[in-house]
Amino acid sequence: MIVVFGGTGRVGRQIVEQLHQEGKVVRVVTRDPASAPAIQGVEVVAGDVHDRRTLVRAATGAEAIVCTVQGGDGRQSNGPKGVEGAGIPSLIGVARDTAVKNFVYISSASARADSPVEFFRLKFEVERILRTSGLPYSILRPTHLMDTWVEVLAESIIRKGKATLFGSGANPVSWVAGKDVARVAAALASHPGEGWSADLGGPEALPLTKVNELIAASLGLQIKGENRMPVGMLRAMSPLTRPFNEVLARRMRMGALLDTDPQIVDSSAVWARFGDPLSLSAWLEVNRARSREGA
């Protein structure tokens, strides 16, 4: 059995669907079982990374664990300090005690020890803990998800006719489809862990300006203006915003990084092993109706 923690999230749902299509026995662990996708034959149980007892119950019988849980969109105990800082290390300990054969962790290509964003520093620390845990593991480090960013950018284009840009919007990014991340995660979870780790980026590197153009074209709309947020403003406003809205403050810091840090990764070796990934244009074609409805 493969146990997916965070199986109701954007990538987690797609991992569950992929595993189910492949005929795997799957258990979804979520704080809110009612939010789980209704897939016949998929077991759904309640579990919380803050409650070790629920983790032990959920992990019982697991050959592999896939962890997509993240605190980037959370507040207080459900933010990075509570999730990456405490919850996921606790889950790793449970997985070690139950002798799972593969712990598949969805990290981030931006995770590093010296990141100015706490979320990414803590993700890097989770990777370190997993690597030194003695568990068989696999670590996937996706870049920015098409699934997330298209929804954010399309909303402004549809409602206001404006392209949202962080800084210059000229920094190339290796956008990756959640479906491709899920495909790799499902393939890895089906076998014992190899101590394998890789960045996952899509087949092309596109700046935000081009991404906005492609989204508008896929929706049959024209961009009439820009909603540009300078990097200096994002950096200055983040600490001022944090006491009132820590999630927005975190997103401001991430927006600044998007325009200033290198965002291109070469994942050709990964795709040679697991099959070609979707380009942004192909993803937009597949998800056009959903993009329009979501915004």
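What follows draws every value from the coordinates through simple rules; no lab data is involved. Keep in mind the model is a prediction, meaning the values are calculated, not measured. When we count neighbours, we look across all protein chains shown, and the Cβ atoms used for this are built from the backbone with ideal geometry, even at glycine.
Charged neighbours of residue 250, selected by a Cβ distance under 11 Å, balance to +1 (K, R count +1; D, E count -1).
For the chain, the average shadow cast by the Cα convex hull is 14.6 nm², which is a quarter of the hull's surface.
Can you give the log10 of the normalised intensity I(q)/I(0) at q = 0.11, 0.12, 0.24 Å⁻¹, computed with Debye over equal Cα scatterers of segment 21-104? Values returned for q = 0.11, 0.12, 0.24 Å⁻¹ are -0.30, -0.35, -1.27. Of the two radii for segment 51-180, the radius of gyration is 1.04 times the Kirkwood radius, both from the alpha carbons; that is the Rg over Rh value. Put simply, the amide H of residue 7, placed in the peptide plane, has neighbours under 5 Å in 29, leaving out anything fewer than 5 places away on its chain.
Simple point charges give the picture: +1 on the Cβ of Lys and Arg, -1 on the Cβ of Asp and Glu, and for segment 153-295 a dipole about the Cα centre of about 660 debye. Taking 18 Å as the straight-line reach from the Cα of residue 224, the lysines in range (excluding those fewer than 8 positions away in the same chain) are 160, 162, 210.
Only lysines eight or more places from residue 123 in sequence, or on another chain, were considered; those with a Cα closer than 19 Å are 81.
The residues packed around residue 15, meaning those with a beta-carbon under 14 Å from its beta-carbon, carry a net charge of +2 if Lys and Arg are +1 and Asp and Glu are -1. For helix 208-219, report the angle its Cα long axis makes with the longest principal axis of the Cα atoms of the chain; keep it between 0 and 90° and round to the nearest 10°. Long axis of 208-219 versus the principal axis of the chain: about 90 degrees. Sorting the segments 211-222, 13-24 by their residues' average number of neighbouring beta-carbon atoms within 10 angstrom, most packed first, yields 13-24, 211-222.
Between the amide H of residue 102 and those of 65, 193, distances stay under 5 Å, these residues lying 5 or more places away or on another chain, with hydrogens modeled in the peptide plane. Our note on the geometry: Cα centres of segment 14-31 and segment 204-252, 33 Å apart. Remark: segment 144-156, residue by residue, has Karplus-estimated 3J(HN,Hα) of 6, 7, 4, 3, 6, 6, 4, 4, 5, 6, 5, 4, 5 Hz, where x stands for each Gly or Pro and the curve is 6.51 cos²θ - 1.76 cosθ + 1.60 at θ = phi - 60°. Relative to the dominant Cα principal axis of the chain, helix 118-131 is inclined by about 30°. Summed over qualifying helices (DSSP H, 4 residues or more, each -39500 (n - 2.57)) and divided by its residue number, the chain shows a 222 nm mean residue ellipticity of -13500 deg cm²/dmol. Ranking 161, 138, 207 by Cα position along the charge dipole of segment 103-234, where only Lys, Arg, Asp and Glu carry charges on their C-beta atoms, puts 161 farthest toward the positive end.
Calculate the length of the line joining the C-alpha centroid of segment 81-97 to that of segment 123-153, in whole Å. Using only Cα atoms, the two centres lie 14 Å from each other. At 7 Å along Cα-to-Cβ for each site, give me the label-to-label distance between residue 224 and residue 204 in nm. My value for the distance between the label points is 2.7 nm. As a calculated quantity, the FRET efficiency between residue 148 and residue 240 at R0 = 30 Å, using C-beta atoms, amounts to about 0.75. Placing +1 on the Cβ of every Lys and Arg and -1 on the Cβ of every Asp and Glu, with nothing else charged, gives the chain a dipole about its Cα centre of roughly 580 debye.
Scanning residues 5 or more positions from residue 177 or on other chains, those with amide H under 5 Å from its amide H are 146, 278, with H placed 1.01 Å from N in the peptide plane.
Across segment 259-286, the residues whose backbone nitrogen lies under 17 Å from the label position 7 Å along the beta-carbon direction of residue 190 are 271-277.
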